[in-house]
1. Could you pull the Rg and Dmax for the chain, using just the Cα atoms, both in Å?
2. Just flag the GluC sites (Glu not before Pro) in region 40-122 sitting in loop per DSSP whose Cβ has no more than 15 other Cβ atoms within 10 Å.
3. Given a 10 angstrom Cα cut-off, can you work out which residue in SER109, SER66, SER15 is the most mobile in a GNM of the chain?
4. Can you put CYS19, CYS44 in order of Cβ neighbours within 10 angstrom, beginning with the fewest?
Amino acid sequence: MSDLSEFIDPTVPPSGNGCVECDATGAWWVHLRRCALCGHIGCCDDSLNTHATKHYEATGHRIMRSFEPGEEWFWDYRTDSWADGPRLAPPEAHPKTQTVPGPAERVPSDWQSVLAANRGED
């Protein structure tokens, strides 16, 4: 695997406990991803707004890491493949008490139907 150290800054803490853009607009997410370069937290591609991918597209920050408890994997958007990376500045995941999807107070009761409709599965 190639050296990706120029695309990862292990000293930068995450931007918060939730998707930056979803928090700003009152939206909800399925899972969270963390930019390995700047710490931006965005929602995953299973979420309605796909803010982690949009962050990559806007910034070129190609490496992200899961921000889910117990998950330590990295993803390289440019190569569309798994990547290796170091431990990142804490916290390494959102709080275990935070619901998935979340945050609980913003997730509609029919969230699975909402996601299916968004994917065109209705």
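Quick note: the coordinates plus some simple rules give every number you see, no bench work behind them. Values in this document were obtained by computation on a predicted structure and should not be read as measured data. So basically every Cβ, Gly included, is an ideal-geometry build from the backbone, and we count neighbours across all protein chains shown.
1. In Å, with Rg to one decimal and Dmax whole: 14.3, 44.
2. GLU71, GLU72, GLU121
3. Checking each option, the largest mean-square fluctuation is seen for SER109.
4. Numbers: CYS19 32, CYS44 22.
So the residues, fewest neighbours to most, are CYS44, CYS19.
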